[in-house]
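Notes to accompany the following structure.
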Amino acid sequence: MRTKQPFPKLTFVFFVECSLTWMKSNLEFELRRQEFIELVRSGQQLPAIAYYRKFLVPFAQTHPEATQRAATLLAFPPDTEVQPYKVRSISVPL
């Protein structure tokens, strides 16, 4: 019978987080911001606000313009024509 061992996973997460910090990577911020954008696009305003407070506010010191621009998405509907908040559709050739 296999037992669940969270420690290897936690070690991996800690290692990746330390590595990203050491490399001064924006990967975590960019992933968090994209997740927030997807919540806003799907019309989930309240979950988007909670997500913003929990995951993007901590980046306000290091990414002030990007966090402010992300928050502004809440003021516009997903089908807005206002730049830079207009969603561009990307067509992928089959």
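Values in this text are rule-based calculations from the coordinates and carry no lab data. Computed from a predicted structure; not experimentally measured. Glycine also receives a Cβ, built like all others from the backbone with ideal geometry; neighbour counts cover every protein chain displayed.
Tabulated data
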{"quantity": "Computed over region 16-75: relative contact order in percent, which uses C-alpha pairs under 8 Å that are six or more apart", "calculated": "33"}
{"quantity": "Segment GLU17-ILE49, length gained on full extension (0.36 nm per residue, minus Cα span)", "calculated": "9.1 nm"}
{"quantity": "Footprinting exposure proxy for PHE59, PHE76, PHE36 (fewest neighbouring C-beta atoms within 10 Å first)", "calculated": "PHE76, PHE59, PHE36"}
